[in-house]
Every structure is written in C-alpha cells, then in structure tokens.
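One structure is given below, encoded as structure tokens.
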Amino acid sequence: MGLISNMFNYSKPGPGVEKEEQQKRRFFLFFELFFRKFWKLIQLNLLYLLFCIPPLIAGTLLTPYNATLAYLAFFLVGTFTAGPATAGAVYILRNFTTQTPVFLLSDFFEQFKANYKQSALAFLFNSLALFACYASYLFYGEHLNMGFMNYVFKAMVLIMALLVAFETFHVFLMIVTVDLKLRDILKNCFLFSILNLVRNFCSLLFAVGFLWVDYIFFPLSMFIFGFIGMRLPLLFITFNGYAVVKKYAIDPYYEKQGEQQKDESIFED
C-alpha cells in the first residue's frame, strides 16, 4: 500500500476493557465526539465556508442562465479552493475521530498546502464523474427510447453514481493518511466503496437526511447550517470511513513491516 504517513491507533483497548465491550462503546462514540468537539466543529465549519464562497459565487452568477454551466462553474472553481480545503478539514476530523491532538488552524493550512495537488485533482475527478452520471441518467430518461432497457441503463447509472459517491467518502481521508499516487488512491477507494458498503449507506442516509431537514426548515436552518451543517455530515463520513481505511490500508502496512502499532497518544507526521 506504499508508505503510510500520519499513523496512529485508537483501537487499542485500555486496561481491563475487552474488545467486544469496546466495539459496543464505539456505537455511542460518535455522539460523545460530536458534543465534546462541538465548538471546534463550529470553528472548522466557518473556516471551510470561506473556501466555499468563490465556487458559490460562480455557481450563483450562472444559475439564471444555465443550470449545467452553473454546476460546472461551481465545481471547477471549487477544485482550486474547496478541494484542498476538504483535505484540510478531513485531516482535522480524522484526528478528532482517532482522539489525536490537533491544532486546528495550523494543521488545516499545513494539510491544505501539502495535499493541494492531489485533493484538487480528486475533487475535479469526482465532480466530473458525478456530472457524467447525472448527464447519462437524463440521456436515458429523455433522449433514448428503448423501453425496458431504459430502466436497466438508468439503474446502472444510479449504481455507478452511488459507487462514485462512496468513493468520495474515502478519497480525501486516504489522501491525508497514506503516501500513494492519486491513481492508486482512487483505485483503493473504489474498492473501499464496496467493502464499506453498509457504513457507506449509513453515511449517505445521514448526509441526505441532514440536508433534507435543513431544506424543510429553511430559512431558519441556515443559521445552524452556517455554523455546523457542512462539517457534521463530513464528521460522520470520516468517522465511518476511517474504520475501513485502518483495516485495509493502515493495519496491513504494519503487518507487512512486522511492526507493532504505536499507542494512540503517539503519532507522527
């Protein structure tokens, strides 16, 4: 899997804590983590929003003219701002998940710069892939009349869109965790999209559900969304995604090297 950077282990049981008991406690860990890091999450959300302003402006300006151009403008501009910012945010959230010390501002900008190229390209790739799925779905629904086969093709496109979305759940986490070329990261993330299928569906339902509630209570929800809305779904996605990254990327590295994993209080960059 290449050289692993930023390694640490949060699964080591404390004295007298059995593995099964620890797994049961993990069920509640997300909510404990959310309330414990609540103010840090607000700070991270506001910081991330700054990098979303340019693509939001680009998309808003083009929306009255053409929705497709607005979508492309949003993600093309976001490639240079929101993409690297997502890597910085995921690094912070990963450290929250593993209960590892982190300095929010300095670590965010350090990861923003260190992973700028890979995170920007990953953001662009996933944006174009999702747009291709969207365009294909419209094509089979509006411009191709093949009866029952239309539904088959549309179902295949939906499955591909889900896999791309699930791959996106892992790609930025992999970028800030392992030292691999982007093509290898994408390859592994597509594998993780299947291996982590149940958790991926849970993450998707959580994110969609949160956005649906935000939509229902709009505009009152904009206050909450502005302070926590963008990072809460990503925290849940990172929390779920790290388990499979650890199992299939981090642990095999240590096994191959014949090394014991470090205690959770020790990490390296």
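The values are calculated or read from the model by the stated rules, or taken from the named source; none is laboratory data. Quick caveat: nothing in here was measured; it's all calculated off a predicted structure. Methodologically, a virtual Cβ is constructed for each residue, glycine included, from the backbone with ideal geometry; neighbour enumeration extends over all protein chains shown. With ligands, DNA and RNA removed, areas are computed over all heavy atoms of the protein, side chains included. Shrake-Rupley method; radii C 1.70, N 1.55, O 1.52, S 1.80 Å.
Some observations on this one:
- In this structure region 49-100 gives 42 Å² per residue of accessible area when probed at 1.4 Å with all protein chains present.
- Taking all protein chains as they are arranged and a probe of 1.4 Å, the heavy atoms of residue 160 leave approximately 90 Å² accessible to solvent.
- Surface composition of region 66-108: carbon and sulfur atoms hold 80% of the protein heavy-atom accessible area at a 1.4 Å probe.
- For residue 42 and residue 151, a Förster radius of 45 Å and the Cβ-Cβ distance give a FRET efficiency of 0.50, rounded to the nearest 0.05.
- Converting phi to 3J(HN,Hα) with the Karplus coefficients 6.51, -1.76 and 1.60 and the offset θ = phi - 60°, region 196-210 yields 9, 4, 5, 5, 4, 5, 4, 5, 5, 5, 5, 5, 5, x, 5 Hz in sequence order, with x at every glycine or proline.
- R0 of 35 Å, Cβ-Cβ distance residue 31-residue 217: FRET efficiency to nearest 0.05: 0.95
- Counted by Cβ distance under 14 Å from residue 93, the other residues give a net charge of +4, where Lys and Arg count +1 and Asp and Glu count -1.
- As a rough guide to protection, the peptides 107-114, 237-244 ranked by mean Cβ packing within 10 Å, highest first, stand as 237-244, 107-114.
- Rolling a 1.4 Å probe over the protein heavy atoms leaves residue 199 with an accessible area of roughly 100 Å².
- Accessible area in square angstrom per residue, region 132-219, 1.4 angstrom probe: 60 Å²
- 3J(HN,Hα) couplings calculated from phi for region 56-68 with the Karplus curve 6.51 cos²θ - 1.76 cosθ + 1.60 (θ = phi - 60°) are, in sequence order, 5, 5, 4, x, 5, 5, 8, 4, x, 9, 7, 5, 5 Hz; Gly and Pro show x.
- Net charge in the neighbourhood of residue 45 (other residues with Cβ under 15 Å of its Cβ; Lys, Arg +1, Asp, Glu -1) is +2.
- Each residue of region 164-170 was assigned a 3J(HN,Hα) from its phi angle through the Karplus expression (A = 6.51, B = -1.76, C = 1.60, θ = phi - 60°), giving 5, 5, 5, 5, 5, 4, 10 Hz with x at Gly and Pro.
- Calculated FRET efficiency, residue 198 to residue 251, Cβ-Cβ distance, R0 = 25 Å: about 0.80 to the nearest 0.05.
- Other-chain or far-sequence residues with amide H under 5 Å of residue 178's (modelled H): 5
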